[in-house]
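Here the structure comes first, spelled out in structure tokens, and everything after it is commentary.
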Amino acid sequence: MKRLTFTLAAMLAATVPAATPAEATSPKTVHEIIRRETGGRLRTLYLHTKSVYYVNAQSRVGAKVVEEARAKMERVLRTPIGSTNGVFALQSPKIYGELSLYVIDDEKLPMSLVAPEGRWAFVNVAPLAQGRGEKPAFLEARVKKEMARIGCLVLGGISSTYRENLLGFVDSPEGLDKFMDDTLPVDGPLRCGRYLLSLGVKPYRDVTYRKACQEGWAPAPTNDIQKAIWNEVRQLPTKPLKIEFDPVKGK
């Protein structure tokens with residue numbers, strides 16, 4: 001089976017409508033700037049955006065596993081996904097933000113359930129822990145795969161035109177084992193982007209520190225590299241621009 005890999009950074013930029021340039025660059029609408037350790041990049045989150053959350057309501061699987069699955073989905077969708085701890089109530093689950101994906105542990109419930117009309121879903125680690133899932137490595141891998149699958153479904157990526165992938169028919173925990181990892185087909189997350197925008201959840205924007213300086217919203221530099229970029233972009237020209245009168249044009 002051929003593995004399907006992501007090229008979402010470019011594809012999402014080309015296919016998912018973004019916020020207006022004015023909103024992206026205006027200091028009045030930049031809600032938060034997150035410094036990233038690699039590459040000197042800055043992330044802008046739009047002020048007028050809604051949110052979605054992953055909610056951990058179990059302790060059988062370590063919080064690190066849940067967080068890794070959340071962080072990967074956030075990178076794939078280029079959309080902020082919040083995280084919190086909570087308690088799942090099947091009859092009336094609490095919805096954090098516009099939509100919530102719960103990770104629960106309940107022997108009486110199936111391994112997953114998606115309620116699009118209620119804007120919630122859950123991944124149940126109890127069934128995933130059966131059989132091979134008794135081994136921690138298998139259980140963690142299953143949880144990540146199921147979180148990727150159900151997360152994509154509830155966030156709007158309900159199907160894929162590709163064959164043999166996590167968005168296809170999976171009817172048991174063993175059905176997850178045939179997949180090498182939690183990689184999703186590219187067209188599922190693309191659909192998520194458009195669905196999330198319809199809910200008012202906007203993608204974040206990653207730019208280099210130089211680009212932020214050129215656009216005029218970069219924070220003050222904090223290291224020598226940023227200082228050099230800051231000074232280079234903001235320095236006055238060494239030779240003043242001369243404009244000579246043109247008698248033909250009259251100016």
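Taking H as built 1.01 Å from N, whose amide H comes closer than 5 Å to the amide H of Leu113, not counting residues under 5 places away?
When sequence neighbours closer than 5 places are left aside, the close amide H contacts are Phe122.
Would you pull out the residues with amide H under 5 Å of Val201's amide H, same chain only if 5 or more places away, H placed 1.01 Å from N?
HN-HN under 5 Å from Val201: Lys50.
Mind listing the long-range amide H neighbours of Thr79? Cut-off is under 5 Å, sequence gap 5 or more, other chains count too, H placed in the peptide plane at 1.01 Å from N.
Amide H neighbours of Thr79: Tyr204.
Among Cys192, Cys213, what is the fewest-to-most ranking by other Cβ atoms within 10 Å?
Listed from fewest to most nearby Cβ atoms, that is Cys213, Cys192.
Please rank Ile158, Ile243, fewest neighbouring Cβ atoms within 10 Å first, as an exposure proxy.
Fewest-to-most ranking of Ile158, Ile243: Ile243, Ile158.
Got a sec to turn the phi values of segment 104-120 into Karplus ³J(HN,Hα) couplings, 6.51 cos²θ - 1.76 cosθ + 1.60 with θ = phi - 60°, whole Hz, x for Gly and Pro?
10, 9, 9, 5, 8, 10, x, 6, 6, 7, 10, 10, x, 5, x, 6, 8
I want to check a number: in segment 157-251, how many lysine pairs have alpha carbons closer than 28 Å, given a sequence separation of 8 or more or different chains?
8
What is segment 65-143 by shape, rounded, prolate or oblate, if you read a ≥ b ≥ c off the alpha carbon gyration tensor as root eigenvalues and call it rounded for a/c under 1.5, prolate for a/b larger than b/c, and oblate otherwise?
oblate
I'd like to know which of Leu90, Gln130, Gly175 lies farthest towards the positive end of the charge dipole of segment 50-201, counting +1 on Cβ of Lys and Arg and -1 on Cβ of Asp and Glu.
The listed residue farthest towards the positive side: Leu90.
Return the sequence-ordered ³J(HN,Hα) values of segment 201-215 in whole Hz as given by the Karplus equation 6.51 cos²θ - 1.76 cosθ + 1.60 applied to θ = phi - 60°, using x for Gly and Pro.
Values, residue by residue: 9, 9, x, 7, 10, 9, 9, 6, 4, 4, 4, 5, 5, 5, 7 Hz.
Which of the lysines could be linked to Lys64 by a straight reach, that is with a Cα gap under 22 Å, when you skip same-chain ones fewer than 8 residues away?
Lys72, Lys135, Lys144, Lys145
Got a sec to turn the phi values of segment 129-136 into Karplus ³J(HN,Hα) couplings, 6.51 cos²θ - 1.76 cosθ + 1.60 with θ = phi - 60°, whole Hz, x for Gly and Pro?
Running phi through 6.51 cos²θ - 1.76 cosθ + 1.60 with θ = phi - 60° gives 8, 8, x, 4, x, 5, 7, x Hz.
Every number here is computed from the coordinates shown, using simple stated rules; none is lab data. Since the model is a prediction, treat every value here as computed from it, not as a measurement. Counting neighbours? That spans all protein chains shown, and the Cβs are built from the backbone with ideal geometry, glycine included.
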